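Student: This is the structure, below, for whatever I ask next.
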Amino acid sequence: MTTTAPPTTLLSLPTNITILSLAIPFPPTAPANFPSLLQDSFAKATNNNIHLEHHTVDTHLPATESLSGLPSLISSREWDVISIGFGLRGNKELTGLFEGLVNLVVEGVCRGGDGEGQGKRTRLAFAVVPDEICEAAGRVLG
């Protein structure tokens with residue numbers, strides 16, 4: 001029988017923040033507990049009054065198509081942190097997609113679509129594993 005640890009309180013992370021997590025779907029090389037690791041991040045977020053939204057980037061589509069919905073998602077609110085998962089940046093075959101993603105994030109945050117820099121306080125974070133999205137946010141906001 002397995003037990004679930006109680007949600008962690010992240011004392012160093014401010015509450016009432018918004019995090020957008022961008023990642024690839026369940027990678028074939030990921031450990032079997034990958035989905036539960038992502039759920040752990042949602043539990044941490046909920047326990048700390050953090051709005052966490054997760055979006056997967058389809059790596060089977062051409063980059064322009066797989067990233068096409070991101071500008072509207074990024075501009076849908078002012079994000080405190082946008083986290084890009086290791087599966088997107090740690091795979092050399094996805095380097096072009098990663099670069100396109102980072103440039104879309106920079107464009108959306110810095111220019112806000114109108115050149116006025118609507119997301120001046122948004123920070124980029126790079127979680128290494130799915131259950132450390134909130135910790136990565138804490139690093140860049142701390």
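The values are calculated or read from the model by the stated rules, or taken from the named source; none is laboratory data. Bear in mind the structure is a predicted one, so any value in this text is a computation, not a measurement. Virtual Cβ from ideal backbone geometry, glycine too; neighbours counted across all protein chains shown.
Student: How many of the residues in region 120-131 are assigned to a helix (DSSP H, G or I) and either in contact with a strand residue (DSSP E or B) (Cβ under 9 Å, 6 or more places away or on another chain) or among the small types (Gly, Ala, Ser) (or both)?
Tutor: Within region 120-131, residues that are assigned to a helix (DSSP H, G or I) and either in contact with a strand residue (DSSP E or B) (Cβ under 9 Å, 6 or more places away or on another chain) or among the small types (Gly, Ala, Ser) (or both) number 1.
Student: Just a yes or no: is a residue in region 74-82 modelled with pLDDT of 90 or more and of a type in the set (Ser, Thr, Tyr)?
Tutor: Within region 74-82, not a single residue is modelled with pLDDT of 90 or more and of a type in the set (Ser, Thr, Tyr).
Student: Leu61 fails exactly one of the following numbered conditions: (1) over 14 Å from the mean Cα position of the chain (by Cα); (2) over 22 Å from Val102 (Cβ atoms); (3) not acidic (Asp, Glu). What is the number of that condition?
Tutor: (2)
Student: Further question on the same structure: Answer yes or no: is there a residue in region 53-63 that is assigned to a helix (DSSP H, G or I) and hydroxyl-bearing (Ser, Thr, Tyr).
Tutor: No, the conditions are met nowhere in region 53-63.
Student: From the list Leu101, Leu38, which residue is among the aliphatic types (A, V, I, L, M), surrounded by 17 or more Cβ atoms within 10 Å (Cβ to Cβ) and either part of a loop (DSSP other than H, G, I, E, B) or modelled with pLDDT of 90 or more (or both)?
Tutor: Values: Leu38 fails: either part of a loop (DSSP other than H, G, I, E, B) or modelled with pLDDT of 90 or more (or both).
Every option except Leu101 fails the conditions.
Student: Any idea how many residues of region 71-86 are more than 10 Å from the chain's Cα centre (by Cα) and part of a loop (DSSP other than H, G, I, E, B)?
Tutor: Residues meeting the conditions: 6.
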